[in-house]
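Below is one structure, written out as structure tokens; comments come after it.
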Amino acid sequence: MKKTCPICPHHCTLSEGEVGRCRARMNKDDKIIDLNYGRLTSIALDPIEKKPLYRFYPNSWILSVGSFGCNLNCPFCQNFEISMADSNFQTQNVTPEYLAALAVELSKKERGNIGIAFTYNEPFISYEFVLDTAKYLHKVGLKSVLVTNGTVAERPLKELLPYIDAMNIDLKAFNSEFYDWIGGDFETVKRTIKLSAESCHVEVTTLIIPDKNDSVDDMESEAQWLASISPELPLHISRFFPRYKVTDRPPTDVNKIHNLVNTARKYLRYVYPGNC
């Protein structure tokens, strides 16, 4: 029997044994499961600013974990080795209990640890594992952080938000055409930002790709829209470097980044240049 995955707006309808476009969710025994449950490809203790989160417990450290798969197809992906991987990728298997206990242990070390950041690949496609782990973290007083593309359906987002303390959400561009290029949905991401900002700390990142999403007019519209949610919403405007399938463009000009930062600062209090 076919089953429809409820997690993101693609709503893949899968036959028994079939895997969705994210390469991480599957119809098994007439139930949609996350194939990457507890399967880590990356784990590291990072500065919180690396997420990037500049206004959430600054100068702290957070245990960062990632798995495999993604529900977008960004040809410029910075982590394509794992985001475009499938279940054949080598992983370290852990339980939510183990991961939460490791986070607690690290919180007692010299540098400390404030919790877990689900990052490196798209965390929402590991929805069940993220939810289970976040519940454990809240019981022990640690933080749960998502670094996400924001491509998630409304219901699972609302179910997870009570257990999430902070997010960095990619706003890839401020137009639908760009989202068509990467296989996403512009309005879904805007909804994710708005709903999340009502529930937890949110910062937004836009990676600027030359001749793709570097319009001053688009940045003006983006900053105005973010300010309509809150002028206190931090925005990171980051410099692109050639990566994955997009190697025909030079790195974004530093002056372009600073120009866009100045544009956004007309509406937002906290705007930061990235990768400069």
*With respect to V152, determine if the residue is at pLDDT 95 or above and either out of contact with any helix residue (DSSP H, G or I) (no Cβ under 7 Å at 6 or more places or on another chain) or within 14 Å of L99 (Cβ to Cβ) (or both).*
no
*Since S60 meets every condition but one in (1) among the hydroxyl-bearing types (S, T, Y); (2) touching a residue at least 60 places away in the same chain (Cβ under 8 Å); (3) in contact with a Pro (Cβ under 8 Å, 6 or more places away or on another chain), which condition does it not meet?*
(2)
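Would you pick out the residues in segment 54-81 that are surrounded by fewer than 19 Cβ atoms within 10 Å (Cβ to Cβ) and more than 23 Å from C200 (Cβ to Cβ)?
Going residue by residue through segment 54-81, those that are surrounded by fewer than 19 Cβ atoms within 10 Å (Cβ to Cβ) are 54-55, 57-60, 73, 75, 78, 80-81.
Listed by number, the residues that qualify are N73, P75, Q78, F80, E81.
Does S144 satisfy being at pLDDT 95 or above, in a strand (DSSP E or B), under 27 Å from D185 (Cβ atoms) and among the polar types (S, T, N, Q)?
Values: at pLDDT 95 or above: yes; in a strand (DSSP E or B): yes; under 27 Å from D185 (Cβ atoms): yes; among the polar types (S, T, N, Q): yes.
When the stated conditions are applied, S144 passes them.
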*Quick one: in segment 54-79, of everything that is outside any loop (DSSP other than H, G, I, E, B) and in contact with a Ser or Thr (Cβ under 6 Å, 6 or more places away or on another chain), which residue is nearest to Y272 (Cα to Cα)?*
S64
*Specify the residue that is surrounded by the fewest Cβ atoms within 10 Å (Cβ to Cβ); the eligible residues are those in segment 130-147 that are in contact with a strand residue (DSSP E or B) (Cβ under 6 Å, 6 or more places away or on another chain) and not small (G, A, S).*
L142
*asked:* Which numbered condition in (1) over 30 Å from V271 (Cα atoms); (2) of a type in the set (G, A, S); (3) out of contact with any strand residue (DSSP E or B) (no Cβ under 6 Å at 6 or more places or on another chain) is the only one that A103 fails?
replied: (3)
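Looking at segment 209-258, which of the residues that are outside any strand (DSSP E or B) and in contact with a Ser or Thr (Cβ under 6 Å, 6 or more places away or on another chain) is nearest to L72 (Cα to Cα)?
Kept after step one, since they are outside any strand (DSSP E or B), are these residues of segment 209-258: 209-234, 240-242, 244-245, 247-258.
Next cut, in contact with a Ser or Thr (Cβ under 6 Å, 6 or more places away or on another chain) only: 210, 216, 219-220, 240.
Details: P210: 20, V216: 25, M219: 22, E220: 25, F240: 18 Å.
Only one residue tops the list, namely F240.
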*Qualifying residue in segment 240-250 (condition: in contact (Cβ under 8 Å) with a residue 40 or more places away in the chain and more than 21 Å from the chain's Cα centre (by Cα))*: yes
*Considering segment 261-274 alone, what residues qualify as being of a type outside the set (G, A, S), buried (at least 17 other Cβ atoms within 10 Å of the Cβ) and under 22 Å from the mean Cα position of the chain (by Cα)?*
V261, L268, V271, Y272
*asked:* Looking at T206, T192, T151, T188, can you tell me which residue is surrounded by fewer than 21 Cβ atoms within 10 Å (Cβ to Cβ) and either assigned to a strand (DSSP E or B) or β-branched (V, I, T) (or both)?
replied: T188
*Sort out which residues of segment 1-53 are over 24 Å from A117 (Cα atoms), among the polar types (S, T, N, Q) and either at pLDDT below 95 or crowded, with 19+ Cβ neighbours inside 10 Å (or both), and write them in order of number.*
N27
_Search result, residues across segment 10-53 that are closer than 30 Å to N275 by Cα, free of Cβ contacts under 8 Å to residues at least 60 places away in the same chain and among the aliphatic types (A, V, I, L, M)_ = L40, I43, A44
*Can you find a residue in segment 122-137 that is aliphatic (A, V, I, L, M), closer than 24 Å to N59 by Cβ and not in a loop (DSSP other than H, G, I, E, B)?*
yes
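Yes or no, residue by residue, for (1) in contact (Cβ under 8 Å) with a residue 12 or more places away in the chain; (2) of a type in the set (D, E); (3) closer than 22 Å to G38 by Cβ:
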| site | (1), (2), (3) |
| --- | --- |
| F129 | yes, no, yes |
| L137 | yes, no, yes |
| S144 | yes, no, yes |
| L157 | yes, no, yes |
| I164 | yes, no, yes |
| K172 | yes, no, no |
| Y179 | no, no, no |
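The values are calculated or read from the model by the stated rules, or taken from the named source; none is laboratory data. What you are looking at is a predicted structure, and each value in this text was computed from that prediction instead of being measured. No Cβ is skipped: glycine too gets one built from the backbone with ideal geometry, and neighbour counts run over all protein chains shown.
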